[in-house]
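Undergrad: One structure coming up, written as structure tokens, with questions to follow.
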Amino acid sequence: MEALLRSTLAQFTTTSKWKPRPLCCFGLENHNSIELNQSKNDIWRLFTEAQRNILYLNRQRVQALQQLDETKREYKSLLEKVNQMGSQSQTHDFITQDPFSISSDLLLRIDSMVLTGILDTREASGFRSLVISTTLNVADYFTDISKSDAEILAQLRHLSSKTKMRGFHIIHICTEMEPVASVGSLASYVTSLSHVLQKHGNLVEVILPMYATLNLEKIKSLREVKAEFSSYFDGKFHRNKIWTGVVNGIGATFIQPIYYSSFFDNEKIYGYPNDFERFSYFSRASLDCILKSGKQPDVIHIHNWETSIVGPLFWDIFVNQGLAATRIMLTCQSFKSQCLEKPDKLALCGLDPAKLHRHDRFQDNNKPHLVNILKAGIVYSNKVITMSSIHSKDQIVSTLSHGLETALDTHKNKLLIAPFGYEDSSWDPSHDKFLPRGYTADDMRGKSVSKLALQQQLGLPENIASVLIGYMFTEDSDADLENLKSLVWDSSRRDAQFIFVGINKKNKLDSFQEDLKDENVRFVDEYDESLLHLMFAGSDIILCSSDDPMLQILIKAIKYGTVPAPVNVADDRLRNYLDLDNTQLTRFSEYIINTFAYVPLNQAIDEIKKKPSQWNRKVLEAMSKDVSWDA
């Protein structure tokens, strides 16, 4: 206020007509009085105007403060909405980006409605056909799957036009699925195969046990179905909880026993004395769940011995309960892992031991007093697939059946040999997030960068000219350790470096590590995903099991421009496995055999050093091969 008055007075003295007069002029009293009054009026007018300005400014200030408070409130409200949307996006953002996830989640909601009694099985069947219609994009209709069952049901009923399903409805009953429950090659097989089948218009679902060690972070929209169902085991019906979720765009159902809760509370998936009881319970419960959900799948796909019991359970108990059109397909990663049990244990899940303990059913060929669960899967499945990149059907039956020769020969017409297809975008050197620099067959500079990075990380001598060789010990590794030691000692003298990944103390390989202590040899005891990617990219050669050099190891090696070499080729076992008659082999199998199967490690090292151009052509040709499931 004071500053404003001073400004007004200053303005007055510069603009007013009034001027200070000397004392000698005070005689002109009347004239001066008029002029003084005029000046006072001017001052008062300016003062009044200043007051009005001050009041106006105060009002503007109050309004500005009010607007600021309102803006703060709006900002706070907006921030709360953003945070709320951010938390919801963990569940829903992926759905807006992936129509397969929407379909899978919606189908699981339909299952939940059937199990809780909201929806009958007939109407549910129609809705499933609607959701998986190849001409209907459900993402356009169901943008928010978080709605209540009633709202979802209303939306489904609103879509009156139904399209006939042209693909198959396939349900995997299995014990592994990447990335939520992964031990061996089965996990990636189930996930990658499901992906490619979905892309071709099929409806694919997976049923898994609710392991305590399940990676819940990888499951989207995980929810417990608010209804329990019972399944038969050991003379009684026992209650189970059901959980549903979406794993990599694939609908998954998880079964959690209540009474037998300890079955899947272990630290590991396999390796317990009661494995038969655990997985036979799960297999029976899976079929009960399918039946209670009102589903009629075209194919129930079972895997390895752990779910082979599904075959006889299906044909002896479930087929006449509305599943007459369903067929059973068994896939075996190999025939090495089987399960032998006393016949009376079959009664636990409702089977008749007396009826099934026969040479043409469950009876083991080598131990006739026991039943063979994997054999039961072979006998009771409509199709049996075993995974191999180089072996023919005759070789599998005669050499790699591990005591199942008679059963496989009897059911040879339904046995198929299939190479492992590749459908994993995370394993692609052109955009692998774990590599310091990506690369392709047209630009291989990133592979050299990865090699140096791998040497640095493991403390190996940094020499780009050294031949870097990697080997992964897996559950099925069949390497002759003494032979492997000889290979390492001989190759180390020829400027080769070795990396062994996956060696575990429980594998009793301590002496192997101790004998191979060398500056050019490194061991990685713990699983490290980033290091594994770097090993495939940085290695020149990946050693593969001669029992079947295939699956992910061989395929990933080819994708990353690394040559696969058979680890046991020195003892001629691989050559004995190769079939001179290639009529039973796929084109990919022929390529693997002709290009890599006869090349022992020492020859490969010589070729790298003495014929680099020839070696590079082989690498680039391999990288250009289509190794996907479609191929």
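Undergrad: What are the pairs, 6+ residues apart or on separate chains, where a residue within region 243-261 that is touching a residue at least 24 places away in the same chain (Cβ under 8 Å) has its Cβ under 8 Å from a residue that is part of a loop (DSSP other than H, G, I, E, B) and open to solvent by less than 10 Å² (accessible area, probe 1.4 Å)?
TA: Taking only residues 6 or more apart or on different chains, the pairs are Trp243/Val225; Thr244/Val225; Val247/Val180; Ala252/Val180.
Undergrad: Which one of Phe233, Phe279, Phe237, Phe229 is under 13 Å from Leu208 (Cβ atoms) and of a type in the set (Phe, Trp, Tyr)?
TA: The unique qualifying residue is Phe279.
Undergrad: Of the residues Ile302, Ile290, which is assigned to a helix (DSSP H, G or I) and closer than 23 Å to Asn202 by Cβ?
TA: So the residue among Ile302, Ile290 that is assigned to a helix (DSSP H, G or I) and closer than 23 Å to Asn202 by Cβ is Ile290.
Undergrad: A further question on this structure: Evaluate the following for Ala227: is it small (Gly, Ala, Ser) and touching a Leu at 6+ places or on another chain (Cβ under 7 Å)?
TA: yes
Undergrad: Could you figure out which of (1) more than 21 Å from Gly271 (Cβ to Cβ); (2) within 34 Å of the chain's Cα centre (by Cα); (3) at pLDDT below 90 isn't true of Ser337?
TA: With respect to (1) more than 21 Å from Gly271 (Cβ to Cβ); (2) within 34 Å of the chain's Cα centre (by Cα); (3) at pLDDT below 90, Ser337 is out only on (1).
Undergrad: Further question: Would you please list the contacts, defined by Cβ atoms under 6 Å and residues six or more apart or on different chains, that run from a residue in region 204-216 that is closer than 14 Å to Ser261 by Cβ to a residue that is surrounded by fewer than 24 Cβ atoms within 10 Å (Cβ to Cβ) and of a type in the set (Asp, Glu)?
TA: Between residues of region 204-216 that are closer than 14 Å to Ser261 by Cβ and residues that are surrounded by fewer than 24 Cβ atoms within 10 Å (Cβ to Cβ) and of a type in the set (Asp, Glu), the close pairs are Ala212/Asp265.
Undergrad: Condition (residue is under 24 Å from Tyr422 (Cα atoms) and touching a residue at least 12 places away in the same chain (Cβ under 8 Å)) applied to region 373-384: is it met by at least one residue?
TA: Yes, there is a match, as at least one residue in region 373-384 is under 24 Å from Tyr422 (Cα atoms) and touching a residue at least 12 places away in the same chain (Cβ under 8 Å).
Undergrad: Related question: Can you give me the number of residues within region 224-242 that are open to solvent by 50 Å² or more (accessible area, probe 1.4 Å), outside any loop (DSSP other than H, G, I, E, B) and either closer than 24 Å to Phe314 by Cβ or touching a residue at least 24 places away in the same chain (Cβ under 8 Å) (or both)? Steps first, please.
TA: Narrowing region 224-242 to residues open to solvent by 50 Å² or more (accessible area, probe 1.4 Å): 224, 226, 228, 230, 232, 234-237, 239, 241.
From what is left, the residues that are outside any loop (DSSP other than H, G, I, E, B) are 224, 230, 232, 236-237, 239, 241.
Cutting the leftovers down to either closer than 24 Å to Phe314 by Cβ or touching a residue at least 24 places away in the same chain (Cβ under 8 Å) (or both) gives us 230, 232, 236-237, 239, 241.
Within region 224-242, residues that are open to solvent by 50 Å² or more (accessible area, probe 1.4 Å), outside any loop (DSSP other than H, G, I, E, B) and either closer than 24 Å to Phe314 by Cβ or touching a residue at least 24 places away in the same chain (Cβ under 8 Å) (or both) number 6.
Undergrad: For region 424-472, enumerate the residues that are out of contact with any Lys or Arg (no Cβ under 9 Å at 6 or more places or on another chain), buried (at least 16 other Cβ atoms within 10 Å of the Cβ) and modelled with pLDDT under 85.
TA: Met472 - this is the single residue of region 424-472 that is out of contact with any Lys or Arg (no Cβ under 9 Å at 6 or more places or on another chain), buried (at least 16 other Cβ atoms within 10 Å of the Cβ) and modelled with pLDDT under 85.
Undergrad: Something else now. Is it fair to say Asp432 is part of a loop (DSSP other than H, G, I, E, B) and under 26 Å from the mean Cα position of the chain (by Cα)?
TA: Working: part of a loop (DSSP other than H, G, I, E, B): yes; under 26 Å from the mean Cα position of the chain (by Cα): yes.
Yes: the conditions hold for Asp432.
Undergrad: Mind listing whichever residues of region 314-341 are touching a His at 6+ places or on another chain (Cβ under 8 Å) and either of a type in the set (Lys, Arg) or on the phi > 0 side of the Ramachandran plot (or both)?
TA: Hit for region 314-341 is Lys336, nothing else.
Undergrad: Continuing with this model, one more query. Can you tell me which residue is nearest to the chain's Cα centre (by Cα) among those in region 355-372 that are open to solvent by less than 50 Å² (accessible area, probe 1.4 Å) and within 10 Å of Pro312 (Cα to Cα)?
TA: Step by step, filter region 355-372, then rank; the result is Phe362.
Undergrad: With the checklist (1) open to solvent by less than 20 Å² (accessible area, probe 1.4 Å); (2) part of a loop (DSSP other than H, G, I, E, B); (3) over 21 Å from His172 (Cβ atoms); (4) not polar (S, T, N, Q) in hand, flag the one item Phe420 doesn't pass.
TA: All conditions pass for Phe420, except number (3).
Undergrad: Could I ask something else about it? Is there any pair linking a residue in region 151-174 that is modelled with pLDDT of 70 or more to one that is in a helix (DSSP H, G or I) and open to solvent by 10 Å² or more (accessible area, probe 1.4 Å), with Cβ under 6 Å and at least six apart or on different chains, and which?
TA: From residues that are modelled with pLDDT of 70 or more, the pairs are Ile152/Arg109.
Undergrad: Here's a follow-up. Looking at region 367-375, can you tell me whether even one residue there is out of contact with any strand residue (DSSP E or B) (no Cβ under 7 Å at 6 or more places or on another chain), part of a loop (DSSP other than H, G, I, E, B) and basic (Lys, Arg)?
TA: No, there is no match, as no residue in region 367-375 is out of contact with any strand residue (DSSP E or B) (no Cβ under 7 Å at 6 or more places or on another chain), part of a loop (DSSP other than H, G, I, E, B) and basic (Lys, Arg).
Undergrad: Moving on to the next point. Going by what's in this entry, would Lys383 be described as touching a strand residue (DSSP E or B) at 6+ places or on another chain (Cβ under 6 Å) and open to solvent by 10 Å² or more (accessible area, probe 1.4 Å)?
TA: On the way: touching a strand residue (DSSP E or B) at 6+ places or on another chain (Cβ under 6 Å): yes; open to solvent by 10 Å² or more (accessible area, probe 1.4 Å): yes.
Yes: the conditions hold for Lys383.
The values are calculated or read from the model by the stated rules, or taken from the named source; none is laboratory data. Here the structure is a predicted model, which is why all the values come from computation and not from measurement. Note that each Cβ is placed from the backbone with ideal geometry, even for glycine, and that neighbours are counted across all protein chains shown. What goes into the accessible areas is simple: the full protein's heavy atoms, side chains included, and nothing from ligands, DNA or RNA. Shrake-Rupley method; radii C 1.70, N 1.55, O 1.52, S 1.80 Å.
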